[in-house]
Amino acid sequence: MHKPSISICPEGIVYIAFGALATLVFALLGWAVPTVIFLILTAFTLNFFRDPERITPEDPNLAVSPADGKVVKVAEMADPFTGEPRMAICVFMNVFNVHVNRMAMSGEITGIRYHAGKFFNASLDKASQHNERNAVTFRDAEGSQWTMVQIAGLIARRIVCWAQPGDRLTRGERFGVIKFGSRVDLYLPSGYVPVVAVGDQVFAGQTAIAKKRA
């Protein structure tokens, strides 16, 4: 599996380079307004594609958030692979959040399904069913099945998934990114319960989002 850098997500290099080049060209031409505009856009792009390291909790019974952002829903939803109702935790990422997605739990990728769709605001319930999305399912060491769904939002138009079926990834490891505002839904196996509530701020690979039942 392709592994990104630890500082700037490689998916953002083209955008950053374009912004920096445009800023330089306008500056050399002496065009102040375009120079300032593209300087701000370049700074925004650098901030958007940042990819900081995260400290994953040591407790193996904890699942971590697959995305940075705010929890917008904690409820039963139909799993996109099996159709069965499962507890799901939905995390909405605004344009100022880190958009690199990480594994909620260690496991082997067993399936990936991409669905073309619309681009509603990702914080809305209908985004889970109607927006462009990429579903990733994996099996942990105990055989429990997990599902993570990358959902494009109103601004996001590009879902990237580095993982492939058969990859064995560790909890907190990077598996993809969504460009410019989006959401990730995590479907828990029956042995886990949420430890977050709607409105909580979470960080990918770092914040405990669910725990195994005692």
Ranked by GNM mean-square fluctuation in the chain (Cα springs under 10 Å), the top entry among ARG102, ARG174, ARG86 is ARG86
Roughly how many percent of the accessible protein surface of the range 10-49 is carbon and sulfur, given a 1.4 Å probe and a whole-percent answer? 86 percent
Longest span of the chain, sites excluded, free of chymotrypsin sites (Phe, Trp or Tyr not before Pro) in DSSP loop with at most 15 other C-beta atoms within 10 Å? 97-214
Run the 1.4 Å probe and let me know the accessible area of GLU108, rounded to the nearest 10 Å². 50 Å²
Per DSSP H run of at least 4 residues, take -39500 (n - 2.57); add these up for the chain, divide by its residues and hand me the 222 nm value, nearest 500 deg cm²/dmol. -5500 deg cm²/dmol
Let me have the relative contact order for the range 162-214, percent, based on Cα pairs under 8 Å that are six or more residues apart. 35 percent
Rounded to the nearest whole Å³, what is the per residue volume of the convex hull around the Cα atoms of the chain? 115 Å³
Determine how large the accessible area of ARG133 is when every protein chain is in place; take a 1.4 Å probe and give Å² rounded to the nearest 10. 40 Å²
Carbon + sulfur, % of accessible area of the range 62-212 - ligands and nucleic acids excluded, 1.4 Å: 52 percent
Do me a favour and compute the ellipsoid semi-axes for the range 10-49 from its Cα gyration tensor, root of five times each eigenvalue, largest one first, whole Å. 19, 10, 4
Nonlocal amide H pairs with PHE49, under 5 Å, H built at 1.01 Å: none
Roughly how many Å² is the accessible area per residue of the range 62-212, as a whole number, for a 1.4 Å probe? 38 Å²
With every protein chain kept in place and a 1.4 Å probe, the range 10-49 has an accessible area per residue in Å² of 63 Å²
If you count only protein heavy atoms and use a 1.4 Å probe, how large is the accessible surface of MET87, to the nearest 10 Å²? 60 Å²
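The values are calculated or read from the model by the stated rules, or taken from the named source; none is laboratory data. The model shown is predicted, which means the values in this text are computed figures rather than measured ones. Methodologically, a virtual Cβ is constructed for each residue, glycine included, from the backbone with ideal geometry; neighbour enumeration extends over all protein chains shown. Remember, those area values only see protein heavy atoms, side chains included, never the ligands or the DNA or RNA. Shrake-Rupley method; radii C 1.70, N 1.55, O 1.52, S 1.80 Å.
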